[in-house]
Amino acid sequence: MGVWKARLLSTNLPLLHPNAKHSCWRSTAPPPLPPPKSVSWSVICGVMLFGLGLISLLTGHVASHLEWYSHRLRHHALYSTLDESEHAPIDIWESQFSKYYYGCKERGRHFGPAVRERKSKGYLLIATSGGLNQQRTGITDAVVVARILNATLVVPELDHQSFWKDDSDFANIFDVNWFITYLAKDITIVKRVPDKIMRSMEKPPYTMRVPRKSEPEYYLDQVLPILSRRRVLQLTKFDYRLANNLDDELQKLRCRVNYHALRFTKPIRELGQRLVMRMQKMASRYIAVHLRFEPDMLAFSGCYFGGGEKERRELGEIRKRWTTLPDLSPDGEQKRGKCPLTPHEVGLMLRALGFTNDTYLYVASGEIYGGDGTMQPLKDLFPNIYTKEMLAQEEELKPFHPFSSRLAAIDYIVCDESNVFVTNNNGNMAKILAGRRRYMGHKRTIRPNAKKLSALFMSRHEMDWDTFASKVKACQRGFMGEPDEMRPGRGEFHEYPSTCVCEKPFMDDISQDGLRPPKLAANNVTMNGGGNEESVVLQKRSGRRAST
């Protein structure tokens, strides 16, 4: 063994000492190859330790996040089902996925309390604009602006000069005490500026109009300095004067105002609920159709509805009221999907979707252009049509007759409580109710895909009914109020309140078909966050913003 070691050492001697000469080498032999660079043991150990650490990190990461990956796989299965249902029949009465979402409007832990009146920057007066639902958006945004400015909000003034000519005040339509109390943790609201403050002012309240959809920074830079200096400031024509995209806490404040704080007065609520009960007594479920087909609205649209020269002359005269309106091509507006559906087209759309002629309809509308002649085709398709005038007794409606906004509020309640809400336009009430119904559990809401439907209606006589119905169903996918329509950044926040729609937690169980969404982790989690205290805690911990 000693001899073998000696020979091995002798053989490797040039590698250990490359400059040494071996006595057995001949002078003609080629020079030895350069030896490889030596690698220190510290580097080798470092590489080995790094590899072991990386393996440990990866395995630990997978293990610690296994539950998260499992949830995402189940979440993906939900939307895979939504995608796979693209060609499945539509449930025209309700969405099978709506039960997995709920309205969430709770304040975050870092959302500070309201600034008290004495410590606020001043008093903010708001003059809203338009009809009931347009004013509703202004009131909602007024609360958020007051929060941004740390101001005391004076109960907003309603518009008495608009087309609707309604002299109702805030307290005639909304429960003002409920409004003030419900939002007490968010902002301070008073019914009027204190007399002491008004007497101390050298000048009348400063009045200004902010640009539409102004960012919070605009209010802080341009409005706050004036408010701080003058103590009382009025913002006029206040509708859509706040940006659509705000941070999540301010968006949730919008939801608390719109869906909770703005409660109608008791007389309006009571009559509205009585009409709902009368509809439900006749039919277990009903459709509410909001028809905007008034002469001024049609004139403003610049569209043509098949009434010949008489229609062109009448609507043309009404259109002269607006001197700044551009000349529009009726055909061009129709192709762009800017024209409201006629009552007949609404009926054709509903029948094509699968609603039968024994379905009960509640129609909310103003003065229909063309009167009974315009409405008759819809009545032929759906004989069971009712309005508030038909459902209510004369003495019930009499106190509301002179006030268009209060009548609109009654329609609002009956439409909101319907199983299906349908609209023929993209107006303020359509947007507000669509957003509310999403927040309240994605109740079925059908908005016409007017751009595609217009071409289909023009060519409907060229195809049989089954083909027409099939094409209508294809057009309306994505316009039926499904949860997957709530894509971030889509449309106005009042229409798509995505920040305020959360997912309910899932269980590990998956149904037998493997495709349908899994069961809920807590069956006592309700749309209103109800149930016992444990369920509310679970809802807050598990609820995530909908990623649709």
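Things to note:
- Count - residues of region 231-251 that are in a helix (DSSP H, G or I) and open to solvent by 30 Å² or more (accessible area, probe 1.4 Å): 2
- Test result for V176, under 30 Å from the mean Cα position of the chain (by Cα), crowded, with 16+ Cβ neighbours inside 10 Å, closer than 23 Å to L242 by Cβ and free of Cβ contacts under 8 Å to residues at least 24 places away in the same chain: yes
- Yes/no for A299 being assigned by the TED database to the domain that holds S459, touching a Leu at 6+ places or on another chain (Cβ under 9 Å) and among the aliphatic types (A, V, I, L, M): yes
- K388 being within 22 Å of R274 (Cα to Cα) and open to solvent by 60 Å² or more (accessible area, probe 1.4 Å): no
- 2 or more residues of a type in the set (V, I, T) and under 30 Å from N419 (Cα atoms): qualifying helices (runs of 4 or more DSSP H) within region 261-352: 266-282
- Only helices (runs of 4 or more DSSP H) whose full extent lies in region 123-218 are considered here, and the ones with at least 3 residues that are closer than 21 Å to I432 by Cβ and not assigned by the TED database to the domain that holds I410 are 132-149, 170-173, 176-182.
- Selection of region 353-380 for residues being surrounded by 19 or more Cβ atoms within 10 Å (Cβ to Cβ) and not in a loop (DSSP other than H, G, I, E, B) yields Y360, L361, Y362, V363, A364, M375, L378.
Let's see how each residue does on (1) farther than 27 Å from A455 by Cα; (2) touching a Lys or Arg at 6+ places or on another chain (Cβ under 7 Å); (3) of a type in the set (A, V, I, L, M):
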residue: P267; (1), (2), (3): yes, no, no
residue: R278; (1), (2), (3): yes, no, no
residue: V289; (1), (2), (3): no, no, yes
residue: R312; (1), (2), (3): no, no, no
residue: G371; (1), (2), (3): no, no, no
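- Scanning region 92-105 for residues that are open to solvent by less than 70 Å² (accessible area, probe 1.4 Å), in a loop (DSSP other than H, G, I, E, B) and either assigned by the TED database to the domain that holds T152 or farther than 16 Å from R436 by Cα (or both) yields I92, W93, F97.
Here is a yes/no grid of residues against (1) touching a helix residue (DSSP H, G or I) at 6+ places or on another chain (Cβ under 6 Å); (2) open to solvent by less than 20 Å² (accessible area, probe 1.4 Å); (3) among the basic types (K, R):
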position	(1), (2), (3)
G302	yes, yes, no
R313	no, no, yes
L325	no, no, no
Q334	yes, no, no
C339	yes, yes, no
P343	yes, yes, no
L348	no, yes, no
R351	yes, no, yes
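- Region 446-476, residues that are open to solvent by 90 Å² or more (accessible area, probe 1.4 Å), among the hydrophobic types (A, V, I, L, M, F, W, C) and closer than 22 Å to N426 by Cβ: M458
- The residues of region 183-203 that are open to solvent by 60 Å² or more (accessible area, probe 1.4 Å) and closer than 20 Å to A146 by Cα, listed by number, are K185, K191, R192, M198.
- Condition broken by K398, with the remaining ones in (1) in a helix (DSSP H, G or I); (2) touching a residue at least 24 places away in the same chain (Cβ under 8 Å) satisfied: (2)
- Here V289 qualifies as in contact with a Cys (Cβ under 9 Å, 6 or more places away or on another chain), at pLDDT 95 or above, crowded, with 21+ Cβ neighbours inside 10 Å and within 26 Å of F174 (Cβ to Cβ).
- From the list S329, S404, S418, the one residue that fits, being surrounded by fewer than 19 Cβ atoms within 10 Å (Cβ to Cβ) and closer than 20 Å to L132 by Cα, is S404.
The values are calculated or read from the model by the stated rules, or taken from the named source; none is laboratory data. Note that the structure is predicted; figures quoted are calculated from it, not measured. In this analysis, Cβ positions are derived from the backbone assuming ideal geometry, glycine residues included, and neighbour counts consider all displayed protein chains. Only protein heavy atoms, including side chains, enter the accessible area calculation; ligands, DNA and RNA are left aside. Shrake-Rupley method; radii C 1.70, N 1.55, O 1.52, S 1.80 Å.
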